[in-house]
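K.L.:
Before I ask anything, here is the structure I am working with.
The values are calculated or read from the model by the stated rules, or taken from the named source; none is laboratory data. Here the structure is a predicted model, which is why all the values come from computation and not from measurement. Cβ coordinates were reconstructed from backbone atoms using ideal geometry, including for glycine residues, and neighbour counts include every protein chain displayed.
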């Protein structure tokens, strides 16, 4: 599990195709944060939870499988691409963002970037199927960054990005048309799931049918 508070901006040092998937080599610069990284540990790369399979001085590698490539932007990474990095949280860590699993729901497209003084307002279009999982003032992870939904339309939402986040993540490289990984708030997804199940159950068990209506004089 992650918090969406980015700890380092890494760089892709190599991409190797392996049996339908990819092996990615990621170079990191925050030696303090990644000093004791180990094989089998989880790392968030642009919001996608990946398992470290090998590592060396200033780098680690992960194997990205077909399922991940189909749902995320990791397949478009190439040598030199900058990526947001976060290690999995420890039980005693401060939860500065929100609960982020690293299980990307979909890739989405940046529609507009507005400069508002020192901050940025970024509008992103997302698939309509995910509408139940997003609310105004709720949390969302964009390329692994924990952000707050500032404005919301049917299939568009905006986030306000403060200068620190803009300067210390890859969000400063986004343009209109850029693709990003989205993970909707897990708490919202569970609530939507439970409400959907409850509604289906109520409809299934309901005694209101044509015969009942006829008995009631309708």
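K.L.:
Considering only region 1-104, give the strands (runs of 3 or more DSSP E) lying wholly within it that have at least 2 residues that are closer than 23 Å to residue 140 by Cα and at pLDDT 95 or above.
P.N.:
Numbers: elements: 8-18, 21-27, 42-45, 48-56, 59-64, 82-87.
Those strands (runs of 3 or more DSSP E) span 8-18, 42-45, 48-56, 82-87.
K.L.:
Whether any residue in region 108-116 is modelled with pLDDT of 95 or more, buried (at least 21 other Cβ atoms within 10 Å of the Cβ), more than 22 Å from residue 88 (Cα to Cα) and under 17 Å from the mean Cα position of the chain (by Cα) is what I want to check.
P.N.:
Looking for residues that are modelled with pLDDT of 95 or more, buried (at least 21 other Cβ atoms within 10 Å of the Cβ), more than 22 Å from residue 88 (Cα to Cα) and under 17 Å from the mean Cα position of the chain (by Cα), one finds at least one in region 108-116, hence yes.
K.L.:
Out of (1) out of contact with any helix residue (DSSP H, G or I) (no Cβ under 7 Å at 6 or more places or on another chain); (2) under 17 Å from residue 84 (Cβ atoms), the odd one out for residue 153 is which?
P.N.:
Unmet for residue 153, out of (1) out of contact with any helix residue (DSSP H, G or I) (no Cβ under 7 Å at 6 or more places or on another chain); (2) under 17 Å from residue 84 (Cβ atoms): (2).
K.L.:
Okay, moving on. Could you tell me whether residue 110 is touching a residue at least 60 places away in the same chain (Cβ under 8 Å), more than 22 Å from residue 28 (Cα to Cα) and part of a strand (DSSP E or B)? Outline the logic, then answer.
P.N.:
Working: touching a residue at least 60 places away in the same chain (Cβ under 8 Å): yes; more than 22 Å from residue 28 (Cα to Cα): yes; part of a strand (DSSP E or B): yes.
Against the criterion (touching a residue at least 60 places away in the same chain (Cβ under 8 Å), more than 22 Å from residue 28 (Cα to Cα) and part of a strand (DSSP E or B)), residue 110 qualifies.
K.L.:
Considering only residues that are assigned to a strand (DSSP E or B) and either over 13 Å from residue 180 (Cα atoms) or without any contact (Cβ under 8 Å) to a residue 12 or more places away in the chain (or both), which ones fall in region 130-145? Full working, then the answer.
P.N.:
Filtering region 130-145 down to residues assigned to a strand (DSSP E or B) leaves 139-142, 145.
Scanning region 130-145 gives a single hit, 139.
K.L.:
Exactly one of these conditions fails for residue 80: (1) closer than 19 Å to residue 171 by Cβ; (2) surrounded by fewer than 19 Cβ atoms within 10 Å (Cβ to Cβ); (3) touching a helix residue (DSSP H, G or I) at 6+ places or on another chain (Cβ under 8 Å). Give me its number.
P.N.:
(3)
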